[in-house]
Every structure is written in structure tokens, then in C-alpha cells.
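See structure below.
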Amino acid sequence: MKYIDLRSDTVTVPTDEMRAAMAAAEVGDDVYGEDPTVNQLESKAAALMGMEQGLFVTSGTMGNLLAILTTCQRGDEVIMGQYGHTFLHEVGGMSALGGIFANTLPNQKDGTLDLEMISQAVRGTDIHEPRTKMIIVENTQNQCGGLVISSGYMWELSALAKKKGLALHIDGARIFNAAVALGCPVDALTAMADSVTFCLSKGLCAPVGSVLCGSEDFITKARRLRKMLGGGMRQAGVLAAAGIVSLDKMTKRLEEDHARATRLADAISKIPGFSLSKGKPQTNMVFLEVAEDIFPNFDVLKERLEEERILIGFSGEREVRLVTHYWIHDEDVEHIIATWENLVD
Ligand SMILES: *Cc1c(COP(=O)(O)O)cnc(C)c1O
């Protein structure tokens, strides 16, 4: 039985075109740098991001960790948002594996970090303090509602980072969603940074992988650390082939996911008991607050939807998250809305 799975865009399975490309992929040993398909993916990704080189990695988590380990020494500090994925959902890897310290700042309502607050957070030369080395921003900002961070803000942030001598890394797991929503080329959001990670395996439908991009020197160092973490994959072209289809084809259709998120948000927020907790969707995520008097028990909501083959995510005590993606079609959206309307009777 087919489920309409709104828990995340990570649930996307590869398209037929991807499976065909994977089967036909030319491969080699990528640890020797000899996999032509991986090399092609990496250079394509770097060109799109406005950076010198790319590195195919197993996951977004590995990409972000490598960016941090490449830039920082033990005892150094990284500034990031308190709702940042790196702070919340990357298993504290930077501390566990790198001995690197997180200095979290509040994300503003629009998902950004306040520039003045960053400026004040950067440490001086006092021997009591860790050294601040890096800033990480997330685009789209997942926990704030899948919000887009503008090119204008990114340029201001990069100017600040340069002034303070800090590296700027973008956790761009969904950077293509941001670019599509803003109607700009993706490098307008990334070229000013030192490095960026983006995910192939979310809305772009590839089965596995992310790409970390940066300067030649940075990627050379990151490649060594990737090997150290056990991320040196051999005939990975089988996976990279799907990633190439992601970049060539799947980035261009994200608008459809955004339109469906908007349709869901408009319809469900009109139903008593449900309101948009993080505003109107800007990309492919809808966050809804569930009124306690309507659904005192969350499990009932979950079960009622599951009976209708609909799976949803839970992002807070009274909050659900719906994520649209390639495998959610217009008829699914209408089925979700009709089911939701019948929940409250
Ligand atoms: C999913 C995600 C990641 C990590 O990606 P994985 O491939 O799941 O490790 C990083 N940052 C953000 C914002 C994400 O949504």
C-alpha cells in the first residue's frame, strides 16, 4: 500500500531516470581519484556553487563535520544558530570528534543570525577564551520554517566574517529550494562563502549523498579527513550518477513542491484547531500548531491520518511538520486536505 509520506523529503526514492543512470554509470576507484562519474558530479557541483572544487560525501552531516574539522583545531569555536541542524541534529560530532566548541546564537524570526550579535560573540585575544574560527548559517533554515536567507544578508555576513578573520560555511542542505524560492541562481547565495554543503538525497531525490564545496586547498584537506572518517568510497560513481540527474533535472522542479506546500498550508490553516506556527511556507515545509482542545492527544491525530495512508512529522510539543517533495502529487495534496477536513467533525 502506498503511503503519502510527509515526514521529510529524505524519504524520496530515486526516479527511474536515476536508476537507469546508476546502472549505466562509468566507475573507478574514487580513493585514487579515478571515478569519472564522481569527478563529473564534483566539478558540476562546484561550478554551480561558484566554488573551485567539490567533494562527494556520504551525508550532509559528514559534509558539515568535514567543513568544521578542515577549518578548526581542538579548542576552537564555531558560531551557529541555536536552531541550526549542526547544533541540534549532528550528534555533537564537532565536539566528540574534533574537540570543537559551539557558540550558539538565537535565530531571528527570519532564520538569520543578528550581525551585531555575531560581532559581539567573536572572541578577542584573551587567554581565557577559545578562539572563534568559523560561522555556520543554514539555508533554507529548517527549524525556523524552511525559511530562505537572502543573498543580501549573505554578502553582509561574509563581509563581517572577513573583517573578523572567520571562515563562513553554509549548511545548504536545501540551498536549491532557497534559490528557487528567491528566483536567483544558486551561486548568488553561496559564492561569497568559504564552503557549502548541500544534500542530493532530499528534495533532489538521489538515494545517497551530499557535496561539500570550497577552494582547492580546502577540499584537498577535507578529502584527507573524509578518508580518516571512513568516507573514502570506491566505485561511488554508481551513487554519483543519480546525483548528476539531481543537478541536471531535479533542481528545476522544486517550485512544484513549494506550490503544494502553500496549497496545504492555505487549506489546513482554515480548519479549526490548526494554525501556521511558522508563518506561510516559503519553500517545501509547513509547520502547524495543533490546538489542545481540538486534539488533546497527538497520537489520535497521527493514527487517524495513518488510517488514510498519510504520514506526518512531529516537530514540537504541539507542532506538526509536513514536507512536500517529488513523490507528493496534486491528487495526494487533495486527499490530505479532504482527510484533514474530516478529522474535526
Ligand atoms: C538533513 C540536513 C542535514 C544533514 O543531512 P544528512 O544527509 O541527513 O546527514 C544538514 N542540515 C540540514 C539543515 C538538514 O536538513
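Output the residues belonging to segment 160-171 that are in contact (Cβ under 8 Å) with a residue 60 or more places away in the chain and surrounded by 24 or more Cβ atoms within 10 Å (Cβ to Cβ).
Within segment 160-171, His169, Asp171 qualify.
Inside segment 1-109, counting only helices (runs of 4 or more DSSP H) that do not spill past its ends, which hold 3 or more residues that are within 16 Å of the ligand (Cβ to nearest atom)?
36-49, 60-71, 85-88, 93-98
So Ile118 clears everything in (1) surrounded by 18 or more Cβ atoms within 10 Å (Cβ to Cβ); (2) in contact with an Asp or Glu (Cβ under 7 Å, 6 or more places away or on another chain) except one condition, right? Which one?
The one condition Ile118 does not meet is (2).
For the subset of segment 309-345 comprising residues that are basic (Lys, Arg) and farther than 19 Å from Gln282 by Cβ, which member is farthest from the chain's Cα centre (by Cα)?
If we take residues in segment 309-345 being basic (Lys, Arg) and farther than 19 Å from Gln282 by Cβ, then Arg309 is farthest from the chain's Cα centre (by Cα).
So, in segment 10-46, how many residues would count as being crowded, with 17+ Cβ neighbours inside 10 Å and either closer than 28 Å to Leu225 by Cα or among the aromatic types (Phe, Trp, Tyr) (or both)?
The qualifying residues number 15.
Name the pairs: first residue in segment 133-159 and under 12 Å from Ile170 (Cα atoms), second residue buried (at least 22 other Cβ atoms within 10 Å of the Cβ) and at pLDDT below 95, Cβ to Cβ under 8 Å, at least 6 apart or on different chains?
Pairs that qualify, where the first residue is under 12 Å from Ile170 (Cα atoms) and the partner is buried (at least 22 other Cβ atoms within 10 Å of the Cβ) and at pLDDT below 95: there are none.
Hey, can you tell me all the residues within segment 224-265 that are touching a strand residue (DSSP E or B) at 6+ places or on another chain (Cβ under 9 Å), in the same structural domain as Val333 (by TED's automatic domain parsing) and not small (Gly, Ala, Ser)?
Asp257, Thr262, Leu264
Taking segment 1-57 only, how many residues are under 30 Å from Ile312 (Cβ atoms) and not acidic (Asp, Glu)?
16
Does Ile127 qualify as being away from the ligand (no atom under 16 Å from the Cβ), closer than 20 Å to Leu189 by Cβ and not in a strand (DSSP E or B)?
Spelling it out, it is not the case that Ile127 is away from the ligand (no atom under 16 Å from the Cβ), closer than 20 Å to Leu189 by Cβ and not in a strand (DSSP E or B).
Of the residues Asp5, Asp16, Asp30, Asp110, which single one is among the acidic types (Asp, Glu), closer than 27 Å to Leu239 by Cβ and in contact with a strand residue (DSSP E or B) (Cβ under 7 Å, 6 or more places away or on another chain)?
Going through Asp5, Asp16, Asp30, Asp110 in turn, just one is among the acidic types (Asp, Glu), closer than 27 Å to Leu239 by Cβ and in contact with a strand residue (DSSP E or B) (Cβ under 7 Å, 6 or more places away or on another chain): Asp5.
Which condition from (1) of a type in the set (Ser, Thr, Tyr); (2) under 17 Å from the mean Cα position of the chain (by Cα); (3) more than 27 Å from Thr132 (Cβ to Cβ) is the one that Tyr83 breaks?
In the conditions (1) of a type in the set (Ser, Thr, Tyr); (2) under 17 Å from the mean Cα position of the chain (by Cα); (3) more than 27 Å from Thr132 (Cβ to Cβ), Tyr83 misses (3) alone.
Of the numbered conditions (1) among the basic types (Lys, Arg); (2) free of Cβ contacts under 8 Å to residues at least 60 places away in the same chain; (3) within 19 Å of Ala67 (Cβ to Cβ), Arg174 satisfies every one except a single condition; which is it?
(2)
Restricting to segment 114-124, count the residues that are touching a residue at least 40 places away in the same chain (Cβ under 8 Å) and not in a loop (DSSP other than H, G, I, E, B).
Within segment 114-124, residues that are touching a residue at least 40 places away in the same chain (Cβ under 8 Å) and not in a loop (DSSP other than H, G, I, E, B) number 4.
Residue pairs, Cβ under 7 Å, 6 or more apart or interchain, first in segment 70-97 and touching a residue at least 60 places away in the same chain (Cβ under 8 Å) and among the β-branched types (Val, Ile, Thr), second within 11 Å of the ligand (Cβ to nearest atom) and in a helix (DSSP H, G or I). List them.
Pairs that qualify, where the first residue is touching a residue at least 60 places away in the same chain (Cβ under 8 Å) and among the β-branched types (Val, Ile, Thr) and the partner is within 11 Å of the ligand (Cβ to nearest atom) and in a helix (DSSP H, G or I), are Thr86/Asn64.
Can you pull out every residue in segment 189-233 that is among the basic types (Lys, Arg) and within 12 Å of the ligand (Cβ to nearest atom)?
Lys202
Name the single residue that is nearest to Lys164 (Cα to Cα) among those in segment 182-203 being surrounded by 24 or more Cβ atoms within 10 Å (Cβ to Cβ) and free of Cβ contacts under 8 Å to residues at least 60 places away in the same chain.
Ala193
May I ask you to list the residues in segment 298-331 that are assigned to a helix (DSSP H, G or I) and either surrounded by fewer than 19 Cβ atoms within 10 Å (Cβ to Cβ) or among the β-branched types (Val, Ile, Thr) (or both)?
Phe298, Asp299, Val300, Lys302, Glu303, Arg304, Glu306, Glu307, Asp330, Glu331
The values are calculated or read from the model by the stated rules, or taken from the named source; none is laboratory data. Note that the structure is a prediction, hence the values are computed from the model and not measured. A quick note on method: Cβ atoms are made from the backbone with ideal geometry, for glycine too, and the neighbour counts reach across all protein chains shown.
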